[in-house]
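Please treat every number below as a calculation from the coordinates, not as lab data. Quantities reported herein were computed from a predicted structural model and do not represent experimental measurements. Neighbour counts are summed over all protein chains in view; Cβ atoms, including those assigned to glycine, are modelled from backbone coordinates with ideal geometry.
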């Protein structure tokens, strides 16, 4: 006797079986992605599939901007023009001074015999959208591997460091913001050259200097710039300003909270910096330590140098 | 006129409607939102809607694929949304008969609970991966989605409605 229903009613496996199948598939993918990073190829393809939708999503925002600019008045434009002209004037003065200083530095470098610094190339990019992920601070830009963006490149805007490229797809790339908890930037205090590492403060939108000795020479309103000793960030980019310092007798370390210099969560345009400097090979023990610490993340690719 | 549409004979759904609704939901998810924690997950909402309304057309396979696209598009761990959406789809299919029995308000309550469970799974995955708890504001997203449910179900059933003139005949 055959009790199976006629094929007329067949609907495939039961929903619970399907749930188990897809859940285990997801879990396997999660483990592969988090632990071994074998899924990058699949991710690139999926990102390419999502690209048209992402492009379409940014179009209405651009359209609103275009309509807004269409209705901007003559007086506004004149005022803005004047302001920009004044800005350009100051910038050109700065540029002249910079060029003179650069030439001088170059000459001195030659005298001392230090390796010449190569020009940093900047790729302008537009921010497409923020990552829809409350756990991490990321944004997506419309430049990818086909435009020459490489993982690990620093990203800046006109006022300072925004973050670092952590993943590159063919047409878009993913930027981890400086305020992300897992992002570290080697910095230097402008006033006295004190070196430190700035970590992201997470949801607060601030940066933090961890493991600063309680008696370290650091003050409120000190400006922090990249030190450049990590070989990833070019030196001298503004990173943050010290907001407040909490020195506690119980702790050996001071807690230094800083405000990011760049509009980390604002602005539509950023620059991706790529430099072709030759880096010396990393020391052996540092490599071994990195392997041990590796928790399946590509963040701070080159690691903070202390 | 009955707004929930459950007592009205509807036209059969067109596949193009389902595909278009998913495309629009993905688009809404990719908009540059200011604070993401309070923005409803449109893809999850539309997915639950179709799982409740058309469990034979939209199922776990669709949910899983959409989840993967969302994961890749947002640069999160591959499989996080895939897992959450699969679970949401399963719950939607499982509860579909029950949910359709209620009015719009109680339907929204069920949908909110389903999305909350999906969000919880997402949270567990991220905590297991070593991220920290982002605060209770993440509960706001399923609640916002539940508030949108009556409007979304009215909107998505619009193409299936017969003209009023035809009904009176």
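Using all pairs of distinct alpha-carbon atoms, the Kirkwood hydrodynamic radius of segment A:13-68 works out to 14.3 angstrom.
Across B:157, B:77, B:60, mean-square fluctuation computed from a Gaussian network of chain B (C-alpha pairs under 10 Å connected) peaks at B:77. The long axis of helix B:80-94 is offset from the longest Cα principal axis of chain B by roughly 30 degrees.
Modelled label positions at residue A:158 and residue A:246, each set 7 Å beyond Cα in the direction of Cβ, lie 3.5 nm from each other.
Whole number please: convex hull volume per residue of the Cα set in segment B:15-161, in Å³?
104 Å³
Taking the three principal axes of the alpha carbon atoms in segment A:119-255, the coordinate ranges are 52, 36, 21 Å, sorted in descending order.
Taking R0 as 41 Å, what FRET efficiency do you get between residue A:126 and residue B:154 from their Cβ-Cβ distance, rounded to the nearest 0.05? Step by step, r from the Cβ atoms, then E = 0.70. Counting Cβ atoms of other protein chains within 10 Å of each Cβ in A:46-52 and taking the mean gives 5.
Could you tell me how many degrees, from 0 to 90 and to the nearest 10, lie between the Cα long axis of helix B:42-53 and the main elongation axis, the longest principal axis, of the Cα atoms of chain B? So the helix axis and the longest Cα principal axis differ by about 40 degrees.
Each of A:45, B:94, B:50, B:136 was scored by other Cβ atoms within 10 Å of its Cβ. Arranged with the fewest first, they read B:136, A:45, B:94, B:50.
Taking the Cα atoms only, what angle lies between the long axis of helix B:15-29 and the longest principal axis of chain B, rounded to 10 degrees? Roughly 40 degrees between the two axes.
Computed over segment A:22-169, the Cα gyration tensor eigenvalues convert (square root of 5λ each) into semi-axes of 38, 29, 11 Å, ordered from largest to smallest.
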